[in-house]
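The values are calculated or read from the model by the stated rules, or taken from the named source; none is laboratory data. Quick caveat: nothing in here was measured; it's all calculated off a predicted structure. Cβ coordinates were reconstructed from backbone atoms using ideal geometry, including for glycine residues, and neighbour counts include every protein chain displayed.
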Amino acid sequence: MTEIQAAGGIVVDLRRNKPKYLVVHRPDRDEWTFAHGSLRPSETHRDAAFREVLAQTGYECEMLGKLDAVGYDDKNDESTAIRYLMMSPMFGRFQRNDTVDVVVWMKRSQAMTLLSHVHDQRLLAEAHMSLSQLRRANATVSPQATTMLSFSN
């Protein structure tokens, strides 16, 4: 069995009281998911995550932290392992592209119902919990300043 190495990002907007997460639609698979893609030769997971998020969403981001890896087997008997980073957008604008036709910013509860895969729902729950823990630990820090802090699980 072949194992594909991939990386991606959970992009979260922290500018308001409640965080909003960026969910992408991949029309070739008709799935709602997070921006991700395969590593290029000699590319690190971190570099691939930033590259894929920028290519698929149009957003240049900064890292907030690392999340657990997600693994699954597809119908072609290939195993995929995706390492995700939690990211905050700095600037950018979505433009439809070959991989993603729509992006939507939404609250966690909305994203949970829209995401196509259980592993993405679990990942979102982990990201949201990590973000809540970070905010509690830094209760005196404004939401904007929180984007400058890093944590890892």
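Checking Lys18 against (1) within 17 Å of Val104 (Cα to Cα); (2) outside any loop (DSSP other than H, G, I, E, B), which test does it fail? Here Lys18 meets the rest and fails (2). Every condition in (1) under 24 Å from Glu126 (Cβ atoms); (2) assigned to a loop (DSSP other than H, G, I, E, B) holds for Phe94 except the one numbered (1).
When segment 22-40 is filtered for residues that are touching an Asp or Glu at 6+ places or on another chain (Cβ under 8 Å) and either within 26 Å of Asn138 (Cβ to Cβ) or among the small types (Gly, Ala, Ser) (or both), the ones remaining, listed by number, are Leu22, Phe34, Ala35, Gly37.
Let's see how each residue does on (1) modelled with pLDDT under 95; (2) aromatic (Phe, Trp, Tyr); (3) not in a helix (DSSP H, G or I):
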| residue | (1), (2), (3) |
| --- | --- |
| Leu22 | no, no, yes |
| Arg29 | yes, no, yes |
| His36 | no, no, yes |
| Arg46 | no, no, no |
| Glu52 | no, no, no |
| Gln56 | no, no, no |
| Glu60 | no, no, yes |
| Leu64 | yes, no, yes |
| Asp68 | yes, no, yes |
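Keeping to segment 42-96, report how many residues are closer than 19 Å to Val12 by Cα, surrounded by fewer than 20 Cβ atoms within 10 Å (Cβ to Cβ) and small (Gly, Ala, Ser). Within segment 42-96, residues that are closer than 19 Å to Val12 by Cα, surrounded by fewer than 20 Cβ atoms within 10 Å (Cβ to Cβ) and small (Gly, Ala, Ser) number 5.
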